[in-house]
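First the structure, in the form of structure tokens, and then the observations on it.
The values are calculated or read from the model by the stated rules, or taken from the named source; none is laboratory data. Note that the coordinates shown come from a computational prediction; the quantities given were computed from them, not determined experimentally. Cβ placement follows ideal geometry from the backbone for every residue including glycine, while neighbour counts extend to all protein chains displayed.
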Amino acid sequence: KDDLQEIRQARSKDSLTIGEQDLQIQKLSEKLAEQAEMLEQERILLEASRDVRDLMGARTFHIADVFDVDSKGKDQRSFGRVFTTEGKQLLIFYAFDLNDRNTAKRNASFQVWGKRGPAQSSAHSLGLFQIDDQKQNRWVLRFEDPRVLAEIDSVFVTVEPPGGSAKPTGRQFLYAYLNTSR
């Protein structure tokens, strides 16, 4: 009986120890997840600071504010800002309030295009906007192909099916003329 009682007490003590260790593992896992999230935020900030340094450090750097207008010339809510460098090594396009177009409900993508001239030349896909800051409803597209950037002098956005499309199918909005040479 005494041996059985000792075994039961040891088992109870082991169960308590296991419970404490499980709790400690859970706390450490939460702390690790928190640190991984902080590390990811720091990586994003480092990438953004590199972009800012590249843009601000460029000999000639351009900013274009972009507003969407309706058929009567009245500004709409959506607007954006395009940052480029002379020699077009980098293009960063921020857009705000794109969700106000009710596309999130339609499961669609915002695709950015670049083209040259007012003629109906073919448009180059520069990619899809990604959400950059949910609270500010800010979206971003970063594009770094100097060959394509040298071939375009304007950008615009269309609403496309999820994943984008090979050519623009939606109505153009947030149009910006980038040709800064005079």
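Among the residues of segment 47-95, not one is at pLDDT below 75, aliphatic (A, V, I, L, M), part of a strand (DSSP E or B) and under 24 Å from Gln134 (Cβ atoms). The residues in segment 154-173 that are of a type in the set (D, E, K, R) and modelled with pLDDT of 90 or more can be counted, and the count is 2. The residue that is surrounded by the most Cβ atoms within 10 Å (Cβ to Cβ), counting only those in segment 96-113 that are farther than 17 Å from Leu174 by Cα and modelled with pLDDT of 60 or more, is Arg106. If you go through segment 126-163 and keep only what is buried (at least 18 other Cβ atoms within 10 Å of the Cβ) and either hydrophobic (A, V, I, L, M, F, W, C) or over 22 Å from Phe67 (Cβ atoms) (or both), you end up with Leu126, Phe129, Trp139, Leu141, Phe143, Leu149, Ile152, Val155, Phe156, Val157, Val159.
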